[in-house]
Amino acid sequence: MAILDILEFPDPILRTVAKPVQKVDDKIQRLIDNMLETMYEAQGIGLAATQVNVHRQVIVIDLSEQKDAPLVLINPSFEVLDDEAFDYQEGCLSVPGFFEEVSRPAHIKVKALGRDGKLFELVPDGLLAVCIQHEIDHLNGKLFVDHLSALKRNRIKQKIKKDRR
Ligand code: QAP
Ligand code: CO
């Protein structure tokens, strides 16, 4: 397995829209293993392929305490079930050091392929619903900072640029 480099905001590559996976083959299995290793090493709870510069619809998530319950979503889609919103302080491995409150639909129904290539459905709520929507945003070239005001987003961008100097 391998640790992959994680792209950081405001890298324009993070704006790339991922393509669907045609076949859940060995190459995708290797990508999933490397994404899981990279996420665990970075102490993240979710990672999208876009963040490691692979523009295919693959997401890994693990919300468990022991980091022993990986959830893999390939070609995910979701529908919003009601108009209730849920606010959560989100972070992102591509926006290190910043956490801001984002409001998203609280109740969604998710369809995706698992790493076995089989379609499954999930009706998550709480942090899992937040995390799945955050990661699907990445596959569409979107970041959590896009949900903030332009003022907050630009402040984060300037701080990150300053810290890199
Ligand atoms: C997405 O993000 C997420 O800034 C996953 O210094 C996060 O794993 C969805 C992380 C929160 C919903 C709620 C960020 C680690 C990890 C940092 C992550 C950092 C160290 C972020
Ligand atoms: Co993220």
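The values are calculated or read from the model by the stated rules, or taken from the named source; none is laboratory data. The structure presented is a predicted model; accordingly, all values stated were derived computationally and were not measured. As a convention, Cβ positions derive from the backbone with ideal geometry for all residues, glycine included, and neighbour counts pool all protein chains shown. The area values use the complete protein model at the heavy-atom level, side chains included, leaving out ligands, DNA and RNA. Shrake-Rupley method; radii C 1.70, N 1.55, O 1.52, S 1.80 Å.
Structure values in brief
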{"quantity": "Summed residue charge, Cβ within 11 Å of LEU71's Cβ, Lys/Arg positive, Asp/Glu negative", "calculated": "-1"}
{"quantity": "Calculated P(r) of the chain - Cα pairs past 19 Å, %", "calculated": "54"}
{"quantity": "Label point distance in nm, LYS162-ILE13, each placed 7 Å from Cα along Cα→Cβ", "calculated": "2.7"}
{"quantity": "Protein accessible area in the range 54-159, 1.4 Å probe - carbon and sulfur %", "calculated": "50"}
{"quantity": "Rounded if a/c under 1.5, otherwise prolate or oblate - the range 31-91, Cα gyration tensor axes", "calculated": "oblate"}
{"quantity": "Eligible aspartates and glutamates near LYS157 by straight Cα distance, threshold 18 Å, same-chain separation 8 or greater", "calculated": "GLU8, ASP11, GLU90, GLU100, GLU101, ASP146"}
{"quantity": "For GLU101, net neighbour charge (Lys/Arg +1, Asp/Glu -1) across residues whose Cβ lies under 12 Å away", "calculated": "-1"}
{"quantity": "DSSP bridge orientation in the chain - percent antiparallel, rounded to nearest 5", "calculated": "95"}
{"quantity": "Mean Kyte hydropathy of -0.5 or more with a Cα span along the axis of at least 20 Å, helices from DSSP in the chain", "calculated": "126-139"}
{"quantity": "Length released on extending from ASP87 to GLN29, taking residue separation times 0.36 nm less the Cα-Cα span", "calculated": "17.5 nm"}
{"quantity": "Ordering of 84-97, 130-143, 20-33 by packing [mean C-beta count within 10 Å, highest first]", "calculated": "130-143, 84-97, 20-33"}
